[in-house]
Structures are given as C-alpha cells and as structure tokens.
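The values are calculated or read from the model by the stated rules, or taken from the named source; none is laboratory data. Since the model is a prediction, treat every value here as computed from it, not as a measurement. Cβ placement follows ideal geometry from the backbone for every residue including glycine, while neighbour counts extend to all protein chains displayed.
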Amino acid sequence: MNRKNQIRNPGTTASTAPSEPGMALPHATGDPAEPPAPTASKSNILFIMTDQQRFDCLGANGNSIIRTPNLDRLAAQSANFSHAFIQSPVCTPSRACFFTGRYSHAHKNRVNYTELDENEILLPEYLQQAGYRL
C-alpha cells in the first residue's frame with residue numbers, strides 16, 4: 001500500500017488494498033479524477049515536516065543520544081517510514097514535490113525561493129475531495 005491509496009481508500013491495509021492500476025492522484029496537467037465518496041471512518045493524517053533533520057535524529061530510529069520521547073511515542077503508534085526518499089535535496093522543491101505529488105521537473109520548482117505555479121493542485125485539495133476536514 002502506498003500513501004496515495006491510503007488517502008483514497010481509508011481503512012484499507014496492504015492486504016485489502018485494491019491492486020488496480022491508475023490509483024495515483026491526478027495532477028495539474030491532467031483532469032482530476034472523480035473524488036471518492038466520503039466514508040464514515042477515515043484514518044487520521046498528521047504530517048510532521050521538519051527541516052534539515054536526518055532519519056536517525058530520533059530515538060525511535062535508533063539514536064541513543066538525542067532524546068525525542070514525544071516523537072518516539074508518536075512513531076510507535078503510527079507509520080514511521082524507514083525507506084523514504086526525497087525528490088530533491090533542496091527544501092522548497094522537495095516540499096513542492098510532496099504537496100503536488102510530482103517531480104521537480106514537472107512542477108518546475110527546482111531551487112529555493114521559486115514560487116509554485118498557482119494552478120498546481122496540492123495535497124490538501126485532494127484530501128478535501130476525499131472527504132477529509134482540514
């Protein structure tokens with residue numbers, strides 16, 4: 001299961017997730033897909049996006065020097081991605097990739113201090129279409 005399928009199909013697990021192709025979120029260059037009907041029970045989503053923090057800067061990820069009890073507790077009760085990769089080593093393009101679901105060359109934001117095109121459809125809009133309250 002990937003994060004896009006989890007957003008579109010809350011309450012599913014990797015074993016019950018649909019295996020149909022084409023489940024990826026649409027982007028600004030294509031027609032948005034029909035949003036799924038809201039369901040009564042949705043997974044809670046909490047994004048914590050820090051700046052210049054490696055994966056091993058948390059006790060939950062093996063660091064015995066840095067004390068992060070609250071984040072460790074959250075990691076123990078949540079999804080803690082151990083094999084996640086970024087699309088850009090620079091923060092602004094990387095965040096634009098995260099919120100658009102597109103690579104830097106697609107959304108044309110490759111360096112810091114570059115504005116994102118106002119026509120880009122961002123993750124919060126997809127979440128609202130899927131019935132989430134923001």
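Observations
- Top-ranked residue in the stretch 93-106 [being without any contact (Cβ under 8 Å) to a residue 24 or more places away in the chain and more than 15 Å from the chain's Cα centre (by Cα); ranked as surrounded by the fewest Cβ atoms within 10 Å (Cβ to Cβ)]: H105
- Hits in the stretch 96-113 (condition: among the hydroxyl-bearing types (S, T, Y) and within 22 Å of F47 (Cα to Cα)): T100, Y103, S104
- Taken together, E125, E118 contain a single residue that is in a helix (DSSP H, G or I), at negative phi and without any contact (Cβ under 8 Å) to a residue 12 or more places away in the chain, which is E125.
- Selected residue [in contact with a His (Cβ under 7 Å, 6 or more places away or on another chain) and under 19 Å from D51 (Cβ atoms)] from L123, L116: L116
- Boolean, N70 is modelled with pLDDT under 80 and either in the same structural domain as E125 (by TED's automatic domain parsing) or assigned to a helix (DSSP H, G or I) (or both): no
- Meets criteria (among the β-branched types (V, I, T) and not in a loop (DSSP other than H, G, I, E, B)) for T92: yes
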